[in-house]
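J.: There's a structure below that I have some questions on.
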Amino acid sequence: MPLISVCIPSYNRAQFLEPLLDSILRQDYHDYEIIICEDASPQRELIKEIINNKYTNDKRIKFFLNETNLGYDANFRELLDKATGDYCFFMGNDDLMAAGALKKVANVVLMNSNIGLILRSYSWFFGDPSLPEQTVRYFDTDRIFPPGAKTIGTAYRRCGVLSGYVIHREAAISFSTDEFDGFLYYQMYLAAAVLAKMRAYYIHDVLTLSRATESPDFGNSAREKSIFTPGKYTPEARVHMVTGMLTIARRVEEKTGIKFANLVESDIANYVYPYISDQLNLKPNEYLDFHKKLGDLGLKKYRMFHVHFLLGYILKEKGYNMVTKFIRSKMGRSPQIGSVYDGDAV
């Protein structure tokens, strides 16, 4: 069995499949497999054609066709079930794997015991992946984190971007549930559950390149249709997603007895901008209503929650991104707001 299963939830975006697969197949590491679960998308036949024309003889690639559209969360579990590696390295279906990524992950898990989750740095780009718009780094160096509340509080929200999410497969499968389907944050649930007993590791190097040009494509499965509109995030969808983040944290806290939900709540409030960035063109009354609904989830008691809402509406998305780009370029990492646990330097 391979050490790493690269897992790709496939739905539309056929034009990006070949660049994604090629970025994986070019890796300087060979103990891996690629698992693709195509989720009954309108582009299924085109995706099948790409696989059959170029990759059908590559035994590392295992291509599965879901009988029905499972949706994001259930397809995540399907990939875990189909994989055979010790660790699953997830990739978004329109992103790219950075050179050397698999070897870096392999070195970490082989040289460190009891690793349940890997956090990573990533870049996002618009057109040319060699010219990233921004690079997101959480810490200055590689870090290792013990199991427990502080680690979960740090890792939880930082698992929101799928590409580069690496988790211990058997541990993840042991916590399998459909309780949170429709929130689109199954990876956060697994992170919280797994890190109750296993360690996390942060890799400072960039492992993935995320494409920033594509609209969200959720809202096609039975669990998602009444909530999400393919092609955009409505204010209601964003409120639902943040509700999910908080609900999952509180539910896992109940199950494990590990008190971390307040850490997650404050971290979301202190870094709420990504969840409001696509709502900055709402009319003033709509924006205030959006602000109230998110605040009523428990976020309004945090000062930075209101600061992000005010600056976001003044600067709009382009201006706010310019500010974050400047800060990250000067600091070499994202700013740490509030009490962020940074583990131990490696």
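The values are calculated or read from the model by the stated rules, or taken from the named source; none is laboratory data. Just so it is clear, the model here is predicted, and its values are computed rather than measured. Don't worry about glycine lacking a Cβ; one is built from the backbone with ideal geometry, like all the others, and counts go over all protein chains shown.
J.: Taking into account only those residues within region 153-170 that are surrounded by 19 or more Cβ atoms within 10 Å (Cβ to Cβ) and more than 15 Å from the chain's Cα centre (by Cα), which is nearest to Leu110 (Cα to Cα)?
T.: Filtering first and then ranking leaves His168.
J.: While we're on this one: Please work out which one of (1) over 19 Å from Asp31 (Cα atoms); (2) without any contact (Cβ under 8 Å) to a residue 12 or more places away in the chain is the condition Met111 fails and give its number.
T.: (1)
J.: Something else about it: Which of the residues spanning region 1-32 are closer than 16 Å to Lys104 by Cα, free of Cβ contacts under 8 Å to residues at least 60 places away in the same chain and of a type in the set (Asp, Glu)?
T.: none
J.: Hey, another quick one. Given the conditions (1) over 20 Å from the mean Cα position of the chain (by Cα); (2) under 23 Å from Ser174 (Cβ atoms); (3) at pLDDT 95 or above, report the number of the one that Ile50 does not fulfil.
T.: The one condition Ile50 does not meet is (2).
J.: In region 135-152, which residues are closer than 16 Å to Val108 by Cβ and either in contact with a helix residue (DSSP H, G or I) (Cβ under 7 Å, 6 or more places away or on another chain) or among the small types (Gly, Ala, Ser) (or both)?
T.: Tyr138, Phe145
J.: Determine, yes or no, whether Leu288 is out of contact with any Lys or Arg (no Cβ under 7 Å at 6 or more places or on another chain) and touching a residue at least 40 places away in the same chain (Cβ under 8 Å).
T.: no
J.: Considering only strands (runs of 3 or more DSSP E) fully contained in region 1-99, which possess at least 2 residues that are assigned by TED's automatic domain parsing to the domain that holds Leu207 and surrounded by fewer than 20 Cβ atoms within 10 Å (Cβ to Cβ)?
T.: Fully inside region 1-99 and qualifying: 61-65.
J.: Something else: Has region 318-331 got any residue that is closer than 25 Å to Arg120 by Cα and modelled with pLDDT of 95 or more?
T.: The answer is no; no qualifying residue exists.
J.: Any idea which of (1) of a type in the set (Ser, Thr, Tyr); (2) surrounded by fewer than 24 Cβ atoms within 10 Å (Cβ to Cβ); (3) over 14 Å from the mean Cα position of the chain (by Cα) is the one Tyr122 doesn't satisfy?
T.: (3)
J.: Could you check, for region 236-244, whether at least one of its residues is in contact with a Lys or Arg (Cβ under 6 Å, 6 or more places away or on another chain), in contact (Cβ under 8 Å) with a residue 12 or more places away in the chain and part of a helix (DSSP H, G or I)? Walk me through it before giving the result.
T.: Step one: of region 236-244, the residues in contact with a Lys or Arg (Cβ under 6 Å, 6 or more places away or on another chain) are 239.
Restricting the remaining residues to those that are in contact (Cβ under 8 Å) with a residue 12 or more places away in the chain gives 239.
With part of a helix (DSSP H, G or I) added as a condition, the list becomes 239.
Yes, the conditions are met somewhere in region 236-244.
J.: Across region 304-346, what is the number of residues that are part of a loop (DSSP other than H, G, I, E, B) and either of a type in the set (S, T, N, Q) or touching a residue at least 24 places away in the same chain (Cβ under 8 Å) (or both)? Before you say what the answer is, go through the steps one by one.
T.: Within region 304-346, the subset part of a loop (DSSP other than H, G, I, E, B) is 332-343, 346.
Those left that are additionally either of a type in the set (S, T, N, Q) or touching a residue at least 24 places away in the same chain (Cβ under 8 Å) (or both): 332-334, 336-343, 346.
Qualifying residue count for the region: 12.
J.: What do you reckon, is Ser113 modelled with pLDDT of 95 or more, of a type in the set (Gly, Ala, Ser), touching a helix residue (DSSP H, G or I) at 6+ places or on another chain (Cβ under 9 Å) and within 14 Å of Ile167 (Cα to Cα)?
T.: It is false that Ser113 is modelled with pLDDT of 95 or more, of a type in the set (Gly, Ala, Ser), touching a helix residue (DSSP H, G or I) at 6+ places or on another chain (Cβ under 9 Å) and within 14 Å of Ile167 (Cα to Cα).
J.: Next question, about the same structure. Out of all the residues in region 187-198, is one or more basic (Lys, Arg) and either touching a His at 6+ places or on another chain (Cβ under 8 Å) or crowded, with 17+ Cβ neighbours inside 10 Å (or both)? Break it down into steps so the answer makes sense when it comes.
T.: As a first pass, look at region 187-198 and keep what is basic (Lys, Arg): 197.
Next, only the ones that are either touching a His at 6+ places or on another chain (Cβ under 8 Å) or crowded, with 17+ Cβ neighbours inside 10 Å (or both) stay: none.
Among the residues of region 187-198, not one is basic (Lys, Arg) and either touching a His at 6+ places or on another chain (Cβ under 8 Å) or crowded, with 17+ Cβ neighbours inside 10 Å (or both), which makes the answer no.
J.: Tally up the residues in region 281-304 that are under 21 Å from Asn262 (Cβ atoms) and either surrounded by fewer than 11 Cβ atoms within 10 Å (Cβ to Cβ) or among the charged types (D, E, K, R) (or both), please.
T.: 5
J.: For Ala200, work out the one condition from (1) under 13 Å from the mean Cα position of the chain (by Cα); (2) under 18 Å from Phe260 (Cβ atoms); (3) not aromatic (Phe, Trp, Tyr) it doesn't fulfil.
T.: Just one mismatch for Ala200, condition (1).
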